[in-house]
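Coordinate-derived values only; no laboratory data. Nothing here was measured: the structure is a model prediction, and the numbers come from that model. Virtual Cβ from ideal backbone geometry, glycine too; neighbours counted across all protein chains shown.
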Amino acid sequence: MKKYVDGFDTSGGSAYHCAPMLTSQLPSRVEPYKLAARRERLEGLVALDKLPRLAEEAGDQTGDCHVVLEFGVDAQGRREIRGHLQATLALACRRCLVPLSQDVSSEFLLGMISDEALAAELPASHEPVLVENEQLDLLTVVEDELILSLPQVVYHDEADCHVSADQLVSKTDGEAQEAPATNPFAVLNVLKGKDALKGKK
């Protein structure tokens, strides 16, 4: 029987079976090739306020993202990272723009490459992750995956929203009333008036 911890196969025959390497805060940089050779497992937290690109996409955030990363080598000799992350973000409601808490999560499989040109050699199941000088920036990896996991739009429940459905309908009606009605005969009347003036001359 296979055993699963945080969604990962940890049975004795698994390529990723190892003693967990736990840290309270995920290290910002690692040597991924060495971790893959030892089939290491990292688990830790990433402070959301340390991710500037996430703030640009979703606004300022507080709290932490919980991350699990398992480094290994597959049957074809590819060095890879199986990952899972989850976080609670404050995202703006599309109707009232007031933030609401939204749980996001992602499971991903990364294939390590030393040159961007090698990305085409990875199977479709793997996302390429560039390793430079045998170093990998884990914060960038986590930030990328969080941004990819963002929902397109979020809404409060109507009972909790700061803008009611009635207000939305009223606003829409008001905008329609403000728009001047177009009279399809207005241009014709103007032309007739000009013709009448010509006849008087």
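Starting with the fewest neighbours, write out E70, E143 ranked by other beta-carbon atoms found within 10 Å of each beta-carbon. Walk me through the intermediate numbers first.
Working: E70 29, E143 21.
Ordered by Cβ neighbours within 10 Å, fewest first: E143, E70.
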| message | In whole Hz and in residue order, list the ³J(HN,Hα) couplings for segment 144-159 that follow from phi through the Karplus curve 6.51 cos²θ - 1.76 cosθ + 1.60, θ = phi - 60°; x for Gly and Pro. | response | 4, 5, 5, 4, 5, 8, 5, x, 5, 9, 9, 9, 5, 4, 4, 5
| task | Take V163, V104, V153 and order them by how many other Cβ atoms sit within 10 Å, fewest up front. | result | V153, V163, V104
| field | Dipole moment magnitude, nearest 20 debye, segment 4-148 about Cα centre, only Lys, Arg, Asp, Glu C-beta charged | value | 280
| request: Take segment 4-148, drop everything but the C-alpha atoms, weight them equally and run the Debye formula without solvent; then report log10 I(q)/I(0) at 0.21 Å⁻¹ to two decimals. | output: -1.34
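When only C-alpha pairs under 8 Å and at least 6 residues apart count, what is the relative contact order of segment 4-148, in percent?
Values: 281 pairs, mean separation 30.7, N = 145.
Relative contact order here is 21 percent.
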| Among I81, L100, L118, whose Cα lies farthest out toward the positive end of the dipole of segment 77-118, if unit charges sit on the beta carbon of Lys, Arg (+1) and Asp, Glu (-1)? | L100
